[in-house]
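Student: I have a structure here, written as structure tokens, and I will follow up with some questions on it.
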Amino acid sequence: MNKYAKYSTILYLILVEFMYGFELTYIKLPDIIYNIFLFISIFLFVASSALGKWTLIEIFRSFLLIVVALGVYFSSGETLFLMMILSCIVIRNVSYSMALKTIFGTRLVSFILVISSSLLGFIPINKMEVAKGAFGTYTGYGLGYQHPNNLAQAFLVLCLLYLAIKNSNLNYKNYVGTLFLGLIFYRITGGKTEFILLFIACLSLIFLKSRKGKDIASHFTIPYVIFTIFLWVVIPFVYATSSGILRNIAYSLNGVLNGRFSNASMLFEINKFTMFGKIVNLDALKSMYGYNVVDNGYVFLLFNYGLIGFLLIIFLYIYAIKSFIKKQIFTYVVIIATFLTLGLMENVIRAMFMNVTIIFWYEFINCSYYKQVKSISQNQIEDK
């Protein structure tokens, strides 16, 4: 591995994570600084790509992803999807372990900076009443984030990164410490979904130490992901277009999930499908419905990045899960499945400022495992 390509990739990851690290907070980078960071990050991507060694299949698959990303960019005018694709490609120059450590370190610095700035009074502490649907309300604190849920999501992402870094070295002390901190942040934010997902992720990782756990994960993870994403897109569509018993079922589920289906259904009512996406006009939602928050990450993804962008992202996740199952790296399987489950409840899939699992899309580019032995011990895998 070319060391200069490696260093360029690490710098790229640090810069991009810092560039997006203050989204959904009260700390805002000036546009000129953001544009400078964007230009430098693209330069670092080109440098790391030029310095690295490529196979023909890697070139072809990377080119295919970039073509789709450019289609989304020219259709929607957003650089977010393009930057996610560039980030998964650039991972080829470092190990997953190095990428995860770099992202974790950068995000931890941003996380501490935001909370410290809030506690010191430089930005709002953001105390607010958070609606919990059928569960009433909860007084939560954003601590510099625009909503307590954003703080809970940022903490969950840090925990998932930590678990992924520890990988096969995880022990019960790691789980207890992680869940203890999770409980503290639950009390601060009221982020019930994030704490439950963290708890389930830790239990799953413990269960996956057994042969039975690995067998279950191997057979049911992909069907679970496909079914839930399909369901979370179809129900808002039914809510918006159907009547009678189907709408009544959707209405009942909507109440339990704090209006997430009805909010997402608004997009079906005022938007048309596109192949490569467009900017979702949240102001139009506000003027028509008095509310413009769409927490269903997959419906938002469908309209923002279009049918092609949406299907590509789902395909890349399914490909990565299948690859890690073959490689017996079940920690990464759990991390991906947990984050995709969060996407059912929060709009976190479409952008890098929350989505760290995009680095695993690299599995589609690095398809060499098909030519290797089918079963690889997890202890033998440090790099890809």
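The values are calculated or read from the model by the stated rules, or taken from the named source; none is laboratory data. What you see is a predicted model, and the numbers here were worked out from it, not measured in a lab. Because the Cβ atoms are built from the backbone with ideal geometry, glycine has one as well, and the counts that use them run over all protein chains shown.
Student: Would you pick out the residues in region 48-79 that are in a helix (DSSP H, G or I), of a type in the set (Val, Ile, Thr) and closer than 21 Å to Glu363 by Cα? Steps first, please.
Tutor: Step one: of region 48-79, the residues in a helix (DSSP H, G or I) are 48-51, 56-76.
This time we only want the ones that are of a type in the set (Val, Ile, Thr), so: 57, 59, 66-68, 72.
Listed by number, the residues that qualify are Ile57, Ile59, Ile66, Val67, Val68.
Student: Which residue is modelled with the lowest pLDDT, if the candidates are limited to region 69-78 and must be of a type outside the set (Ser, Thr, Tyr) and more than 19 Å from the chain's Cα centre (by Cα)?
Tutor: First pass over region 69-78, keeping only residues of a type outside the set (Ser, Thr, Tyr): 69-72, 74, 77-78.
Those left that are additionally more than 19 Å from the chain's Cα centre (by Cα): 70-71, 74, 77.
Details: Leu70: 96, Gly71: 95, Phe74: 94, Gly77: 87.
Among residues in region 69-78 that are of a type outside the set (Ser, Thr, Tyr) and more than 19 Å from the chain's Cα centre (by Cα), the one modelled with the lowest pLDDT is Gly77.
Student: Which one is surrounded by the fewest Cβ atoms within 10 Å (Cβ to Cβ), of the residues in region 150-184 that are free of Cβ contacts under 8 Å to residues at least 60 places away in the same chain and in contact with a Gly (Cβ under 7 Å, 6 or more places away or on another chain)?
Tutor: Cys159
Student: Considering region 253-270 alone, what residues qualify as being surrounded by fewer than 16 Cβ atoms within 10 Å (Cβ to Cβ) and modelled with pLDDT of 65 or more?
Tutor: Hits for region 253-270 are Glu269, Ile270.
Student: Further question on the same structure: Is there a residue being under 19 Å from Ala69 (Cβ atoms), in contact (Cβ under 8 Å) with a residue 60 or more places away in the chain and of a type outside the set (Gly, Ala, Ser) anywhere in region 318-341?
Tutor: Pass one, region 318-341, residues under 19 Å from Ala69 (Cβ atoms): 318-320.
Filter again for in contact (Cβ under 8 Å) with a residue 60 or more places away in the chain, leaving 318.
Adding the requirement that they be of a type outside the set (Gly, Ala, Ser) leaves 318.
Yes, region 318-341 contains a residue that is under 19 Å from Ala69 (Cβ atoms), in contact (Cβ under 8 Å) with a residue 60 or more places away in the chain and of a type outside the set (Gly, Ala, Ser).
Student: Go through Ile27, Ile40, Ile32 for me and flag whichever is hydrophobic (A, V, I, L, M, F, W, C) and more than 21 Å from Gly105 (Cβ to Cβ).
Tutor: Working: Ile27 fails: more than 21 Å from Gly105 (Cβ to Cβ); Ile40 fails: more than 21 Å from Gly105 (Cβ to Cβ).
Only one candidate qualifies: Ile32.
Student: Among Leu65, Leu100, which is within 18 Å of Phe353 (Cβ to Cβ), modelled with pLDDT of 95 or more and either touching a Phe, Trp or Tyr at 6+ places or on another chain (Cβ under 9 Å) or of a type in the set (A, V, I, L, M, F, W, C) (or both)? Please lay out each step first, then the result.
Tutor: Values: Leu65 fails: within 18 Å of Phe353 (Cβ to Cβ).
It is Leu100.
Student: Do we find that Leu38 is touching a helix residue (DSSP H, G or I) at 6+ places or on another chain (Cβ under 6 Å) and aliphatic (A, V, I, L, M) in this structure? Explain how you work it out, then say what you get.
Tutor: Values: touching a helix residue (DSSP H, G or I) at 6+ places or on another chain (Cβ under 6 Å): no; aliphatic (A, V, I, L, M): yes.
So Leu38 does not fit the description; no.
Student: Something else: Have a look at Phe135, Phe81, Phe111 and point out the one that is surrounded by 20 or more Cβ atoms within 10 Å (Cβ to Cβ) and at pLDDT below 95.
Tutor: Details: Phe135 fails: surrounded by 20 or more Cβ atoms within 10 Å (Cβ to Cβ); Phe111 fails: at pLDDT below 95.
Exactly one residue qualifies, and that residue is Phe81.
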